[in-house]
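Working notes, beginning with the structure itself.
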Amino acid sequence: MTADCPELARFMRGEIVPSEFPHREHVHVAFEMLKRYDFPETVLLFSRTLRAMAQKAGRPAAFHQTVTIAFLSLIAERMECGGAADFTAFAAANPELLEKTLLSRWYGAERLASAAARRTFLLPDSAPGPAR
């Protein structure tokens, strides 16, 4: 199922080194995964794999459930609305998704920095608007 996307296959096998997995690659792998699985299954698989990656790197606190699910939600929504055939077209149509600070439109810094936000998904604490 992932033969046509080696990055996704490597991700799912746990072969990606966290230091070689920048934000753009997170978005790319999420896009590829969402093409193949429905949203709830993607949340489970993506979260589980990222958590294991952080654990394997000796940095379990690096995993952040709210950031993970919020970005997956945004990517899935944009995929539904945009219909990009591949990641290159998707990234070109949605460049803001490649900004790690994008969630500041909906989340205050204190909420995202909380221990609860790392453990579980928290809903946004403010209405959408310009980046803070």
The condition of being under 19 Å from LYS100 (Cβ atoms) and surrounded by fewer than 16 Cβ atoms within 10 Å (Cβ to Cβ) holds, among VAL67, VAL17, only for VAL17
Taking first residues from segment 97-120 that are within 18 Å of ALA54 (Cα to Cα) and modelled with pLDDT of 95 or more and second residues anywhere that are aliphatic (A, V, I, L, M) and not in a helix (DSSP H, G or I), the pairs with Cβ under 7 Å that are 6 or more apart or on different chains are ALA116/LEU122
- For ARG59, state whether it is basic (Lys, Arg) and modelled with pLDDT under 95. yes
Scanning segment 22-35 residue by residue, those in contact with a helix residue (DSSP H, G or I) (Cβ under 8 Å, 6 or more places away or on another chain) and surrounded by fewer than 18 Cβ atoms within 10 Å (Cβ to Cβ) turn out to be HIS23, ARG24, GLU25, LYS35
Pairs returned, first residue in segment 38-67 that is closer than 17 Å to ARG10 by Cβ, second residue that is among the hydroxyl-bearing types (Ser, Thr, Tyr), beta-carbon separation under 7 angstrom, 6 or more apart or interchain, are LEU45/TYR37; PHE46/THR68; LEU50/THR68
Being under 23 Å from ASP125 (Cα atoms) and charged (D, E, K, R) narrows GLU32, GLU7, GLU20, GLU99 down to just GLU99
Okay, helices (runs of 4 or more DSSP H) sitting entirely in segment 21-126 with 2 or more residues that are over 27 Å from PRO6 (Cβ atoms), I get 65-82, 109-113, 115-119
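The values are calculated or read from the model by the stated rules, or taken from the named source; none is laboratory data. None of these values were measured; they are calculated from a predicted model. Using ideal geometry, Cβ is built from the backbone for each residue, glycine included, and neighbour counts are taken over all protein chains shown.
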